[in-house]
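Here is the structure we will look at.
The values are calculated or read from the model by the stated rules, or taken from the named source; none is laboratory data. All figures in this text were calculated on a predicted structure; none of them were measured in a lab. When we count neighbours, we look across all protein chains shown, and the Cβ atoms used for this are built from the backbone with ideal geometry, even at glycine. Quick note on the areas: whole protein, heavy atoms, side chains included, nothing else; ligands and nucleic acids left out. Shrake-Rupley method; radii C 1.70, N 1.55, O 1.52, S 1.80 Å.
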Amino acid sequence: MTKIKLCGLTRTADIEVANKLLPDFVGFVFYEKSKRYISPNDAAILKNLLDKKISSVGVFVNEKIETVAEIAKILDFIQLHGNEDENYISQLRNLTDKKIIQAFKIKTAEDLQPAKNSRADFILLDTSQFVNNQMPNSP
């Protein structure tokens, strides 16, 4: 079943639009190098304005496990979008009961293998950067 996520919300106006559209998820980016970065405090304020039918997702990139677990207290899901491995996921599970989404950058068919082996609750295939702007061949 397809799910819809609006990601990178940073303003009250973003939440107002999300509340009208009612996507399945909205994402808050906690990666400081991103132009869509939001502080945990600001995300908590926006989360409180979010329609209860919409789940919140925190997007993290190679963040300290303890930091992710702390910020996750205000979220419904955790999304790992860096180079986090199975050991990282296991350690994170010891600190939080939040569901984990692991994102994989897919450029070639070989990039699908780690996704197939992931122990995350859900996987997200990020194919935004295709090689020569073409989808990779299926395995």
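Which value in Å does the Kirkwood hydrodynamic radius of the range 21-67 take, with 1/r averaged over all unlike C-alpha pairs and then inverted?
Mean inverse Cα-Cα distance, inverted, gives 11.5 Å.
Rounded to the nearest 20 debye, the dipole magnitude of the chain is 300 debye, with +1 charges on Lys and Arg beta carbons, -1 on Asp and Glu beta carbons, and the Cα centre as origin. Our Cα-only numbers for the chain put the radius of gyration and Dmax at 15.3, 44 Å.
Whole number in Å², please: accessible area per residue of the range 1-101, 1.4 Å probe, ligands, DNA and RNA not counted.
Details: 5830 Å² over 101 residues.
The answer is 58 Å² per residue.
Taking GluC sites (Glu not before Pro) across the range 1-74, the ones in a DSSP loop with at most 11 further Cβ atoms lying within 10 angstrom of their Cβ are GLU32. From its DSSP helices (H runs of at least four residues, each -39,500 (n - 2.57)), the chain gives a residue-normalised ellipticity at 222 nm of -8500 deg cm²/dmol. Which lysines does LYS53 reach when only Cα atoms under 24 Å apart count, and residues fewer than 8 places away in its own chain are ignored? Within the straight-line cut-off, LYS53 pairs with LYS3, LYS5, LYS20, LYS73, LYS98, LYS99. Neighbours of ASP14, meaning other residues whose beta-carbon lies under 15 angstrom from its beta-carbon, give a summed charge of +3 when Lys and Arg score +1 and Asp and Glu score -1. Sparsely packed loop sites in the range 1-70 (the trypsin sites (Lys or Arg not before Pro) outside DSSP H, G, I, E and B with at most 15 other Cβ atoms within 10 Å) comprise LYS3, ARG11, LYS33, LYS35, ARG36, LYS52, LYS53, LYS64.
The fraction of accessible area contributed by carbon and sulfur in the range 1-71 is 52 percent, rounded to a whole number (1.4 Å probe; ligands and nucleic acids excluded).
Counting only DSSP beta bridges with both residues in the range 1-98, the antiparallel share comes to about 0 percent.
Please give the net charge around SER118, taking every other residue with its beta carbon less than 14 angstrom from that of SER118, where Lys and Arg add +1 and Asp and Glu add -1.
Its environment carries a net charge of -1.
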